[in-house]
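J.: Below is a structure I'd like to ask you about.
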């Protein structure tokens, strides 16, 4: 079995497709193809963060909560999504595929590493940053996939506005990162 992996790892196609990073052009083309296929199959733009709201509702209901009266889950469509469950929700399956695909890509490229946490400050910053990004994505009605890529490809002005503020946020965030964590 070990010999098999040695032979695979020296194969030029394996190196080209799974070990070396894609070029920006190849990544852009793949994003365009997947976004177009998603639009053709589902008749709606590709989004990520809406499923996370459903996940939160499922977890809340698991602990005895009820989201029926919440405005976000008040529509018939939202109620149908919640009642059908995780495995019947396309957004949840796509998000799970993104996470598993990223893990597989990291494993195939031999780049998976478990890093030691350096300080409590690092944990607090990561948790706070993740919560703020999630909150911001819900306020903006999408993340970089739905509110940026899908909106721009649909010729929506909102995508360009989102992109401008995304750039401003990344600039400020990188300055804060450099000041407090470097």
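J.: What does a probe at residue 108 reach in the range 1-24, counting residues whose amide N is under 19 Å from the point 7 Å along Cα→Cβ?
T.: Label zone hits: 4-24.
J.: Please determine, in degrees from 0 to 90 and to the nearest 10, the orientation of helix 120-139 with respect to the longest principal axis defined by the Cα atoms of the chain, where the helix direction is its Cα long axis.
T.: 50
J.: Over the range 116-182, what is the relative contact order in whole percent, taking alpha-carbon pairs under 8 Å and six or more residues apart?
T.: Working: 24 pairs, mean separation 11.8, N = 67.
The value is 18 percent.
J.: A follow-up question, please. Say R0 is 41 Å: what FRET efficiency, to the nearest 0.05, do residue 139 and residue 4 get from their beta-carbon distance?
T.: Working: r = 50 Å, r/R0 = 1.21.
E between residue 139 and residue 4, to the nearest 0.05, is 0.25.
J.: For residue 86 paired with residue 55, estimate the spin-label separation in nm (one decimal), with each label point 7 Å from Cα along the Cα-to-Cβ line.
T.: About 0.9 nm, to one decimal.
J.: For a protection proxy built on the mean count of beta-carbon atoms within 10 angstrom, sort 85-93, 18-26 highest first, please.
T.: Numbers: 85-93: 14.1, 18-26: 10.9.
Put in order of decreasing packing, that is 85-93, 18-26.
J.: Something else about it: Evaluate the distance, in nm, between pseudo-label points positioned 7 Å from the Cα of residue 153 and of residue 19 along their respective Cα→Cβ axes.
T.: Distance between label points: 3.1 nm.
J.: Which three semi-axes in whole Å describe the equivalent ellipsoid of the range 69-169, each the square root of 5 times a Cα gyration tensor eigenvalue, listed largest first?
T.: 27, 21, 18
J.: Just rank 148, 177, fewest to most, by other beta-carbon atoms within 10 angstrom.
T.: Numbers: 148 19, 177 12.
Going from sparsest to densest Cβ surroundings: 177, 148.
J.: When the helices in the chain are scored as -39500 (n - 2.57) per DSSP H run of 4 or longer and the sum is shared across all residues, what 222 nm value do you end up with, to the nearest 500 deg cm²/dmol? List each step's numbers first, then the result.
T.: Working: 7 runs with 115 residues, N = 182.
Only helices count here, giving -21000 deg cm²/dmol.
J.: Calculate the FRET efficiency for residue 42 and residue 98 from the Cβ-Cβ distance with a Förster distance of 22 Å, rounded to the nearest 0.05. Intermediate results must be reported in sequence, preceding the final value.
T.: Working: r = 16 Å, r/R0 = 0.71.
E between residue 42 and residue 98, to the nearest 0.05, is 0.90.
J.: Which residue fluctuates the most in the chain, going by a Gaussian network model with Cα springs under 10 Å, if the choices are 59, 161, 98?
T.: Fluctuation is largest for 59.
J.: Write down, largest first, the equivalent ellipsoid semi-axes of the range 116-182 in whole Å, where each equals the square root of 5 times an eigenvalue of the alpha-carbon gyration tensor.
T.: On the way: eigenvalues 158, 34, 13 Å².
Calculated on Cα positions only, the semi-axes equal 28, 13, 8 Å.
J.: Any idea what diffusion coefficient the range 50-101 gets from Stokes-Einstein, in µm²/s, Kirkwood Rh on alpha carbon pairs, 10 °C, 1.306 mPa s? Please report the intermediate quantities before stating the final value.
T.: Working: Rh = 11.4 Å.
Translational diffusion coefficient: 140 µm²/s.
J.: Based on the inverse mean of 1/r over its pairs of different Cα atoms, what is the Kirkwood hydrodynamic radius of the chain, in Å?
T.: On the way: mean 1/r = 0.0509 Å⁻¹.
Computed over Cα pairs of the chain, the Kirkwood hydrodynamic radius comes out at 19.6 Å.
J.: Remind me, relative contact order of the chain in percent, using alpha carbon pairs under 8 angstrom and six or more residues apart? Can you show the working numbers first?
T.: Values: 92 pairs, mean separation 41.6, N = 182.
Reported as a whole number, the value is 23 percent.
Here, each number is a calculation from the coordinates, and none is a lab measurement. Treat the numbers as computed from the prediction; the structure is a model and nothing was measured. Note that we place each Cβ from the backbone using ideal geometry, even for glycine, and neighbour counts take in every protein chain shown.
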